[in-house]
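Undergrad: First the structure, which I've put down as structure tokens, then a few questions once you've had a look.
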């Protein structure tokens, strides 16, 4: 039995030794009506002013950064495999050009705390440039090609009607150095104190989380619910552009279920789209998935509550097919 | 390996530090907002950028910037942030005479601080068109904003220390005393650990999470956010803090002294001297702990909880990850 004074010393030592690097959470404020609109959609279409375009990224993508756009958030539009010759037209289309004009960018929306403000802070969806003081983090940090952001259009499907991805470009390239395997990715999502806290009001939702890594996860999935007419996704003009299936993500070596019944979204004009549309329940596929926050779950679990904390609600956009059965 | 009580006391302390730090953060925000600290620092940053008070006044009168001031504030409200594009628009309008409201006091570049004038002249000469000039001015402005952010962070850190000292003395937050209480009272320890678990699992949050309403609430793509409150401490947490903090036991000692030695000179001062001697180290430790900030203690609490969960009984349920 330790004496009180010794216990005090031990506890103080434990607390003092806790001075190891701590990740800092940040807030993202969204308009509820906006979240309701996109909760079951694959994509978004918005007018975006691109400020600067990056050189080749580690994952072979090209970034176009924006601080002014119709979504009301600092953001990045990302061209999948943007360095490839097949993406030349899109690379030209995304460039800010001389006139700084807005571009209409169409692609998969992505909410993900990948590049939140450093040291915490709050970014707000603001359509009117009237943000209160608490939203000051959105204008200040990061370079113009990669401003501090938790919203992306990724992958970009088209810019000013110039199509970007398609069967030729939605593939996994050997020079994509940003791919994680699913066991490691899910370990990180589950074990890194990755909690999403959601505060609700009548018309706003505040999401609070620490930074999360990963653009791409190579994963083996087993379909649990095939696509149906209820799981197709539509654009603003009503045309169908994709859909989703439900699938278990399973580990490569021992068939463990890493995530049960995850929504896997697909884009119609793509190899993973073709495969996922045809897959019946029980089919296994290997895909390259891009994780994003599941807005539908966020709205559902926070319904009628002031604040709730949940493990990260994740869904995926299938951006390449890495092998078929 | 440490025993579970030691870990539970560490969890309890990390949790209490988190709650106290949250109180500090909230007070910090209230003060910053009441005194418009962000807005004033931004104005100071712009003043140091352009070096002319007259020009700063003119820029703040430009509609692109004036419209950013919060409409709900009285007097002469200042915007808390100005996007680079708006700054560039306002400053180019000032020197070209274009745009609304710029003709009243049109300053000359030569009236600017030497360095600013030189930089602005160079940008104008080297820009092929207005868009390129705007872009260069935006970059110039962004660099200054990095400095303003640094000023603000340092200001917040200084104010956090000051608030921590006030809070510690007001609530008598003695770390050593709190550890001793948690160590010797297993029921209290269990209550605090349970409350810590609830914060991690349900109310979460390393800092006050803003609750925000939107104007034009029904429309998905218009309107702006207005903060209506924040999620800080739950009622249960407030009760817990009240039961663990305060001056009650020290004041009892003072009353006892008064009864035993009525009319003695300097009694109150001697009492405070004795109290300070007992609590000083604990107070200092608490101030240092609070200066680490709520996010740090939230993270530490999470780590301790994970450590505790790793050693839980086999039939205790594991929290699920979606």
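Undergrad: Could you please let me know if residue A:190 is part of a helix (DSSP H, G or I) and under 19 Å from residue A:313 (Cα atoms)?
TA: Numbers: part of a helix (DSSP H, G or I): yes; under 19 Å from residue A:313 (Cα atoms): yes.
Against the criterion (part of a helix (DSSP H, G or I) and under 19 Å from residue A:313 (Cα atoms)), residue A:190 qualifies.
Undergrad: Turning to a different aspect of this structure: Being more than 14 Å from chain A (Cβ to nearest Cβ) and part of a helix (DSSP H, G or I) narrows it down to one residue among B:270, B:236; which is it?
TA: Going through B:270, B:236 in turn, just one is more than 14 Å from chain A (Cβ to nearest Cβ) and part of a helix (DSSP H, G or I): B:270.
Undergrad: Restricted to region B:277-312, and to residues that are outside any helix (DSSP H, G or I) and within 12 Å of another protein chain (Cβ to nearest Cβ), which residue is modelled with the lowest pLDDT?
TA: Within region B:277-312, the first condition is being outside any helix (DSSP H, G or I), and the residues that meet it are B:292-293, B:311-312.
With the extra rule that they be within 12 Å of another protein chain (Cβ to nearest Cβ), the set shrinks to B:292-293.
Numbers: B:292: 86, B:293: 83.
Selected residue: B:293.
Undergrad: Let me ask something else. Checking the conditions here, which among B:165, B:200 is within 8 Å of chain A (Cβ to nearest Cβ), part of a helix (DSSP H, G or I) and at negative phi? Spell out how you get there, then give the answer.
TA: On the way: B:165 fails: within 8 Å of chain A (Cβ to nearest Cβ).
Within the list B:165, B:200, the selection yields B:200.
Undergrad: Another question, if that's okay. May I ask you to verify whether residue B:282 is touching a residue at least 24 places away in the same chain (Cβ under 8 Å) and surrounded by 11 or more Cβ atoms within 10 Å (Cβ to Cβ)?
TA: Values: touching a residue at least 24 places away in the same chain (Cβ under 8 Å): yes; surrounded by 11 or more Cβ atoms within 10 Å (Cβ to Cβ): yes.
Yes; evaluated as a whole, the condition is true for this residue.
Undergrad: Right, here's the next one. Quick check on region B:213-231: of everything there that is out of contact with any helix residue (DSSP H, G or I) (no Cβ under 8 Å at 6 or more places or on another chain) and part of a strand (DSSP E or B), which residue is modelled with the highest pLDDT? Spell out the reasoning first.
TA: Going through region B:213-231, the residues out of contact with any helix residue (DSSP H, G or I) (no Cβ under 8 Å at 6 or more places or on another chain) turn out to be B:213, B:215-216, B:222-224, B:226, B:228-229.
The next check asks that each one be part of a strand (DSSP E or B); those that pass are B:213, B:226, B:228-229.
Values: B:213: 86, B:226: 80, B:228: 77, B:229: 72.
Across region B:213-231, the extreme among qualifying residues is B:213.
Undergrad: Are any of the residues in region A:202-221 over 30 Å from residue B:209 (Cβ atoms) and more than 20 Å from the chain's Cα centre (by Cα)?
TA: Scanning region A:202-221, I find no residue that is over 30 Å from residue B:209 (Cβ atoms) and more than 20 Å from the chain's Cα centre (by Cα), so the answer is no.
Undergrad: I've got another one for you. Confirm whether residue B:138 is closer than 30 Å to residue A:28 by Cβ, more than 23 Å from the chain's Cα centre (by Cα) and either free of Cβ contacts under 8 Å to residues at least 24 places away in the same chain or not assigned by TED's automatic domain parsing to the domain that holds residue B:305 (or both).
TA: On the way: closer than 30 Å to residue A:28 by Cβ: yes; more than 23 Å from the chain's Cα centre (by Cα): yes; either free of Cβ contacts under 8 Å to residues at least 24 places away in the same chain or not assigned by TED's automatic domain parsing to the domain that holds residue B:305 (or both): yes.
The answer is yes for residue B:138.
Undergrad: For region A:141-162, what are the residues that are at pLDDT 85 or above, in contact with a strand residue (DSSP E or B) (Cβ under 7 Å, 6 or more places away or on another chain) and over 20 Å from residue A:113 (Cβ atoms)?
TA: A:156, A:157, A:158, A:159, A:160 - these are the residues of region A:141-162 that are at pLDDT 85 or above, in contact with a strand residue (DSSP E or B) (Cβ under 7 Å, 6 or more places away or on another chain) and over 20 Å from residue A:113 (Cβ atoms).
Undergrad: What strands (runs of 3 or more DSSP E) lie completely within region A:47-128 and have 2 or more residues being more than 10 Å from chain B (Cβ to nearest Cβ)? Before the answer, list the steps.
TA: Details: elements: A:62-66, A:75-79, A:103-115, A:122-124.
Here the list reads A:62-66, A:75-79, A:103-115.
Undergrad: Output yes when any residue across region A:202-224 is free of Cβ contacts under 8 Å to residues at least 60 places away in the same chain and not in a loop (DSSP other than H, G, I, E, B), and no when none is. So that I can check it myself, show each step before the final result.
TA: Of region A:202-224, the ones free of Cβ contacts under 8 Å to residues at least 60 places away in the same chain are A:224.
Checking the rest, the ones that are also not in a loop (DSSP other than H, G, I, E, B) come to A:224.
Yes, some residue in region A:202-224 is free of Cβ contacts under 8 Å to residues at least 60 places away in the same chain and not in a loop (DSSP other than H, G, I, E, B).
To keep it simple, each residue is scored yes or no on (1) in a helix (DSSP H, G or I); (2) at pLDDT 85 or above; (3) within 14 Å of another protein chain (Cβ to nearest Cβ); (4) closer than 30 Å to residue B:234 by Cβ.
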{"position": "B:8", "(1), (2), (3), (4)": "yes, yes, yes, yes"}
{"position": "B:11", "(1), (2), (3), (4)": "yes, yes, yes, yes"}
{"position": "B:19", "(1), (2), (3), (4)": "yes, yes, no, yes"}
{"position": "B:43", "(1), (2), (3), (4)": "yes, yes, yes, no"}
{"position": "B:47", "(1), (2), (3), (4)": "yes, yes, no, no"}
{"position": "B:56", "(1), (2), (3), (4)": "yes, yes, no, no"}
{"position": "B:64", "(1), (2), (3), (4)": "yes, no, yes, no"}
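The values are calculated or read from the model by the stated rules, or taken from the named source; none is laboratory data. This structure is a prediction, so every number in the text was calculated from the model and none was measured. All Cβ positions, glycine included, derive from the backbone under ideal geometry; neighbour counts span all protein chains shown.
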